[in-house]
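Read through the structure below, which is laid out as structure tokens, and then see the notes.
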Amino acid sequence: MTISHYPGPVLGIETSCDETSAALVESGRVLSNIVSSQTDLHAQWGGVVPEAAARAHVEAILPVLVSALAAAGVAKEDVRAVAATNRPGLVGALSVGLTAAKTFAHVRGLPFVAVHHLEGHLLSVLADHPDAPFPHVALVVSGGHTELVEVVAPGAYRLLGQTLDDAAGEAFDKSARLLGLGYPGGRAIQEAARAGDPGRYPLPRGLSGDTLDFSFSGLKTAVLRLVEREGEALRTADAAASIQEAIVGVLADRAARAAERFEATCLTLVGGVAANEALRERLKGRCERLGLRFLTPSFDLCTDNAAMIALAGSIRLARGERTSLDVDVFSNAPLPDSDG
């Protein structure tokens, strides 16, 4: 399938949670991708505080925008279109980025398109793998999302499975907090797990049976009980390795099951948790055994970033799609053109 992109540089803006990001993309090529992270800010609370996130976005948005233009070597007069995330996410955070994007588009008289955050993740593989085949199955794993999606084509998606409670990223964060490992949990558990035994503490894998859905609430409860039971005798590295194994194992099993069930030739891994090395290696091995192509974005395109939003927007703009500047933000929203 040939992917068409909007001619000329497209400015993308992403502020759905705790990263303020702006990027320039042209013909599917990332010219710049500037991300201002709020990780240190929210670490003091052990998780994202929506009001604090919105205030931080207000402070960062203009410097990030200026830096993205400079890094790309693109003058603001040369930008040809604008794309921004408007759903789903934290309402206050989304509003900052969407307002900046609509203002830029209005002042310059440019075409504008609003982009679904998960569509950005799903299409992020195109930055490094423009020849990615369609259809394919994608595993989306991040702080707030865990879904299996059939990517029929850019803009056409079918939800195959999803978490029924906590997302994988939330399970990492909550478990890390219980172990006293800090925030963000995924990174902290990955580092602690390097020296641990993943078989030391057996932990639940959630739903059983031939399902494509996920459940991580039982894992969180089991970790709490483990910490209470073991007390000072708890081997933190072993606990971290056991938690990571429980999460990675179920993610890999469900993703491989979906790829086989829908006769996919390619499996992609996207989202913030896609940066987890154990998950990448597990899925790579499973795909090799199944004869599937395995694709995942570079690490800087796994976490929330504006390059993926600009890429998705560029494809929609090339099809002639435009979004009214009256568009609002939404905390929850299904994938576009999805029957899920």
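The values are calculated or read from the model by the stated rules, or taken from the named source; none is laboratory data. The structure displayed is predicted, hence computed values, not measured ones. Glycine also receives a Cβ, built like all others from the backbone with ideal geometry; neighbour counts cover every protein chain displayed.
Pick out the one residue from T39, T146, T103, T99 that is farther than 15 Å from I309 by Cα, in contact with a Pro (Cβ under 9 Å, 6 or more places away or on another chain) and β-branched (V, I, T).
Details: T146 fails: in contact with a Pro (Cβ under 9 Å, 6 or more places away or on another chain); T103 fails: in contact with a Pro (Cβ under 9 Å, 6 or more places away or on another chain); T99 fails: in contact with a Pro (Cβ under 9 Å, 6 or more places away or on another chain).
None of the others qualify; the one that does is T39.
Going by what's in this entry, would L212 be described as in the same structural domain as G185 (by TED's automatic domain parsing), within 22 Å of the chain's Cα centre (by Cα) and either in a loop (DSSP other than H, G, I, E, B) or surrounded by fewer than 18 Cβ atoms within 10 Å (Cβ to Cβ) (or both)?
For L212, the condition - in the same structural domain as G185 (by TED's automatic domain parsing), within 22 Å of the chain's Cα centre (by Cα) and either in a loop (DSSP other than H, G, I, E, B) or surrounded by fewer than 18 Cβ atoms within 10 Å (Cβ to Cβ) (or both) - is met.
Which one of S242, S217, S175 is among the polar types (S, T, N, Q) and modelled with pLDDT under 95?
S217
Could you tell me which residue of the range 40-66 is nearest to T323 (Cα to Cα), considering only residues that are β-branched (V, I, T) and buried (at least 16 other Cβ atoms within 10 Å of the Cβ)?
Step by step, filter the range 40-66, then rank; the result is I61.
Any idea which of (1) crowded, with 18+ Cβ neighbours inside 10 Å; (2) farther than 22 Å from H116 by Cβ; (3) of a type outside the set (S, T, N, Q); (4) out of contact with any strand residue (DSSP E or B) (no Cβ under 8 Å at 6 or more places or on another chain) is the one C17 doesn't satisfy?
Condition not satisfied by C17: (2).
Quick one: how many residues across the range 252-294 are hydrophobic (A, V, I, L, M, F, W, C) and outside any helix (DSSP H, G or I)?
8
Looking only at the range 67-96, filter to residues that are part of a loop (DSSP other than H, G, I, E, B) and touching a residue at least 40 places away in the same chain (Cβ under 8 Å); which one of those is surrounded by the most Cβ atoms within 10 Å (Cβ to Cβ)?
G89
With (1) modelled with pLDDT under 95; (2) buried (at least 16 other Cβ atoms within 10 Å of the Cβ); (3) assigned to a loop (DSSP other than H, G, I, E, B) as the list, and R187 as the residue in question, which single condition is left unmet?
Going through the list (1) modelled with pLDDT under 95; (2) buried (at least 16 other Cβ atoms within 10 Å of the Cβ); (3) assigned to a loop (DSSP other than H, G, I, E, B), R187 breaks only (3).
Here is a check on your reading of the model: is T221 crowded, with 16+ Cβ neighbours inside 10 Å and among the β-branched types (V, I, T)? Before the answer, list the steps.
Values: crowded, with 16+ Cβ neighbours inside 10 Å: no; among the β-branched types (V, I, T): yes.
So T221 does not fit the description; no.
So, in the range 152-175, how many residues would count as being out of contact with any strand residue (DSSP E or B) (no Cβ under 6 Å at 6 or more places or on another chain), within 20 Å of S142 (Cα to Cα) and free of Cβ contacts under 8 Å to residues at least 60 places away in the same chain?
The total comes to 5.
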